[in-house]
1. Sort His132, His49 from largest to smallest accessible area, using a 1.4 Å probe on the heavy atoms of the protein chains.
2. Ignoring everything but the protein chains, give the 1.4 Å probe accessible area of Arg112 in square angstrom, nearest 10.
3. Determine the share of segment 59-186's accessible area contributed by carbon and sulfur atoms, expressed in whole percent, with a 1.4 angstrom probe.
4. So, counting K/R as plus one and D/E as minus one, what does the shell of residues with Cβ under 12 Å around Asp169 add up to?
5. Work out the length of the dipole vector of the chain about its Cα centre, built from +1 on the beta-carbon of each Lys and Arg and -1 on the beta-carbon of each Asp and Glu, and round it to the nearest 20 debye.
6. What are the residues whose amide H is under 5 Å from the amide H of Trp85, where those residues sit 5 or more places off or on another chain and H is modelled from the backbone?
7. If you place +1 on the Cβ of every Lys and Arg, -1 on the Cβ of every Asp and Glu, and leave all else neutral, what size is the dipole of segment 1-40 about its Cα centre, to the nearest 20 Debye?
8. In the chain, what percentage of the DSSP-assigned beta bridges are antiparallel, given to the nearest 5?
Amino acid sequence: MTLKAIAINATLKPSGKEPSSTDKMIDLVADGLRKHGVEWAGTIRLADHVIKPGVSSDEGDGDEWPALRKRILEADILVFGSPIWLGQLSSLGKMVLERMDAFLSETDDQGRMPSSGKVAVAAIVGNEDGAHRVTADLFQGLNDVGWTIPAAGATYWVGEAMNKKDFKDLPQVPDEVAAATETLARNAAHLAGLLAAKTYPGTGKDQ
């Protein structure tokens, strides 16, 4: 069975402008997952799409979330990438979590949400402290709407406070970041494989 992974990039920058440090971090995770036989389905750059505010899976005319939601749920692993803004998850990342709130009422006949049996990991970058705060908020939200978080399921880099150096501008990836990313990829691929072979039992009977 071939596993598939897809990423969300919650940067506030649309494509075609300056490069995104979040993309660089996501690319590291993608490379790690490929080493474990995971197929890479690409990155959804949220700033390139019209995602309406709300808590349903379809907010009407012009809303691109339904198509994005379909792509995300076709994968076994979600890499949720975000920059840190004011010590927090980006506004686009928060909006996606709010849209996933609809999963709570979209259960199958065994009471499982659409994300049940699927793995989510975090890839965070920023120029100030906040990686632990963002990871905690992100994992709490993703767990609430059915995603499974592997051990050591986050990788991050934060620069020196009040400094303008970005992750994308580093001459090489720090050893600690590379090691954390490899652990994330290994654990995510392992867990996703287990869940793909035998997912969670539903409310009716054991699987």
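1. His132, His49
2. The accessible area of Arg112 comes to roughly 40 Å².
3. On the way: 3030 of 5930 Å².
Heavy-atom surface of segment 59-186 belonging to carbon and sulfur, 1.4 Å probe: 51 percent.
4. Values: positive: Lys24, Lys164, Lys165, Lys168; negative: Glu18, Asp166.
Around Asp169, the surrounding residues sum to +2.
5. Numbers: 22 positive and 29 negative charges, 65 e Å.
Result for the chain is approximately 320 debye, rounded to the nearest 20.
6. Ser90
7. Numbers: 6 positive and 5 negative charges, 7 e Å.
Here the size comes out at about 40 debye.
8. Bridges in the chain that DSSP calls antiparallel: roughly 10 percent.
The values are calculated or read from the model by the stated rules, or taken from the named source; none is laboratory data. A quick note: this is a predicted structure, and the numbers were derived from the prediction, not measured. As a convention, Cβ positions derive from the backbone with ideal geometry for all residues, glycine included, and neighbour counts pool all protein chains shown. In case anyone asks, the SASA skips ligands and DNA or RNA and just uses the protein heavy atoms, side chains included. Shrake-Rupley method; radii C 1.70, N 1.55, O 1.52, S 1.80 Å.
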